[in-house]
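See structure below.
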Amino acid sequence: MTEDRESGAALSIGADLRPEELVGFLDLAPDAIIIVDEEGQIRYVNAQTEALFGYRRAELLGQTIEMLMPDRFRQRHIDHRRVYRGQPRIRPMGVGLALWGRRRDGSEFPVEISLSPLWARGGLYVMSAIRDVTDRYQAQERLREAEERLRLVVDGIEDYAICMLDPEGRVVSWNRGAERIAGYTAPEIIGQHFSLFYPPEDRERDKPAMVLQLAAANGRHEDEAWRVRKDGVRFWASSVITALRDEHGALRGFAEITRDASARRRTERRLAMQYAVARILAETMTLAEAAPRILAAIGSALEWEWAALWRVEGETARCMEVWHAPGVEAVELERISRARELAAGEGWVGQIWMRSEPTWLPDLDRAADPARAEAAIRAGFRAALGFRISRGVDALGVVELLGRQTITPDPDLLAALTSIGHQIGQFVERERAEEELRRTAAMLARQADQLARSNAELQQFAYVASHDLQEPLRMVASYTQLLARRYRGKLDQDADEFIAFAVDGATRMQALINDLLAYSRVGTRGKEFTPTDCNTVLERVLGDLGPTISEAGAIVTYDPLPTVMADGSQLGQVFQNLIGNAIKYRREEPPRIHVAARRVADEWVFSVSDNGIGIEPQYFERIFVLFQRLHGKGEYPGTGIGLAICKKIVERHGGRIWVESEPGKGSTFFFTLPVRAEVRHAPGDPGPTDDRAESL
């Protein structure tokens, strides 16, 4: 026995090897058992070997063991067998070797083999226990494929940074998305601590360690905050860190999934800014009141720390309002800004004034206004952003923003700032229009007061003049009439004609003064409106006009009329003037006059129709003006004031008056009176109708 045998590394089964004695025992083994000699020739196989490889025992005995292996492994196995013969030892199953068997039909399958050296007849034999591990291999292969697919999927994700951390927070894996978002390649970052992605202020307060502690304690931790790329540019990150533990609960590390949420955050803040500015403009009346709130809303939403609003007045722009974020000190910059007065194109603000699009300045060292730029840089600002307040092509102001971080504005933000500039411009224009309207209203109020005083004075003058003229005119008329009666025919013909002229003039002057007095009293001597039955008013008027109607042979008819809120006396004047005119301006045939009324919506429409001479259309407006006559005094008597009085009375009652006429076919005068809630319809009153008069 060799030294190996003495140490128990090999087994001895006696002086003679007789496999048939082992058949009963080895055939019961669940694995294929094969015994080979030092030359690798098969000396024994059990029944499980036949079943596993598909050979009969007679086909295997005396053959080399390599016949049960795929061709690609045979030469290598001969070398392994030679090495093993020099150092025989027991090798258990499951040592992690990838071994394959080959069946009689040529098919291959994975196997696991244990080796045990045997000493018999003074020679070395090797017993192999062979187990088919196809199921295990397939399961491992499926797991490997799944892991590979997962790795490929994770590595192929570009919208999310996915990385694995060890328990201390060092990066152990890094996908393509992480490389795109953070800027580091896998070789650059693996082994580095993940706190490298946090801003300095977060590292100073040990936020990365707190995040890992929270994830370990709670299983996961979600966070949204600023992170830093390799190039130093910040981005808004939405991240989830999950603690990974083994089956015993021991912490194995962390999985972190991070998404660049900068675009979403910019959109949210842009929309919030636009909404805030719109609300401020709706709630305030002047730019001076709105400016501080607008600057605060824009600066806070966009995270720019300083803002100013410059108002363009004439040829220059002046700083009217300044805002800064809490903790920002820029006293010198504000002092210089408020003292400056910039022309178009002068300095950074003047350049924005001349541009229709928002302007971004990433480096204040390049600003066109050195004094303000130096003060801004000393305050810690690095970049500037500005847009103008405009209405059409006119610039009304400039909004200027300064920031300590270089955050590149995106096109959507620039478009939003342009829109806000137009909104503020409309607000400024509205403010100017309202101010102009207030000035105009004040001027009109003053003019209205003056006109009211003038009207009152004119009415008083007309009343006094007409009243005071009554007595001397009455005396003139009386004496001229006395002269006419006493001396007619006693003087010459010229004297009779002169006296007749004097009597006629005095008479017409009396009529004119009386009508003028009546006109002046419409607004000053009118009575309070009361429920007035128009039928009663019209009957009284017809009674007063009885002699005139009889003399002319006129026929006056009327429909049932409503009860209205009116001054009954003045309403009677309207009916009397309109019916009197219908009789006066008649043709040769007897006058036929009809009075009617019907309700249209919220007003009564009265009509007085006749078959008289009619009126040319071009005179429809003129006839309602004082002293406007269409005929000479020799044709038709009158002063030309009657229709003007009707118009003034109707307008005092809240209505309107007009005429429709055709020469030779008569006229219809319409006037309206409002339907008032106080009036209750009397029996026989015409009810409301949805029809509208043809004249409307």
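The values are calculated or read from the model by the stated rules, or taken from the named source; none is laboratory data. Quick caveat, the model's predicted, so the values are computed rather than measured. Please note: Cβ atoms are built from the backbone with ideal geometry, for glycine as well, and neighbour counts cover all protein chains shown. Surface accessibility is based on the protein's heavy atoms, side chains included, excluding ligands, DNA and RNA. Shrake-Rupley method; radii C 1.70, N 1.55, O 1.52, S 1.80 Å.
Surface exposure of region 330-456, expressed per residue as accessible area with a 1.4 Å probe, stands at 51 Å². Computing the accessible area with a 1.4 Å probe over protein heavy atoms, can you report the carbon and sulfur percentage for region 214-297? The C+S portion of the solvent-accessible surface of region 214-297 is 54 percent. Counting every C-alpha pair in region 278-384, the share spaced more than 23 angstrom apart comes to 26%.
Quick check on region 23-142: what does the Kirkwood estimate of hydrodynamic radius come out to from the alpha carbon pairs, in Å?
Numbers: mean 1/r = 0.0680 Å⁻¹.
Taking the inverse mean of 1/r over all distinct Cα pairs, region 23-142 comes out at 14.7 Å.
Note on region 258-305: along the principal axes its Cα atoms extend 45, 21, 8 Å, ordered by decreasing extent. Projected label points at Gln87 and Ala371, each 7 Å from Cα along the beta carbon direction, are separated by 8.9 nanometres.
Above 18 Å, the calculated P(r) of region 207-292 contains 62 percent of its Cα-Cα pairs. Positive contributions from Lys and Arg (+1) and negative ones from Asp and Glu (-1), summed over other residues with Cβ under 10 Å from the Cβ of Arg586, come out at 0.
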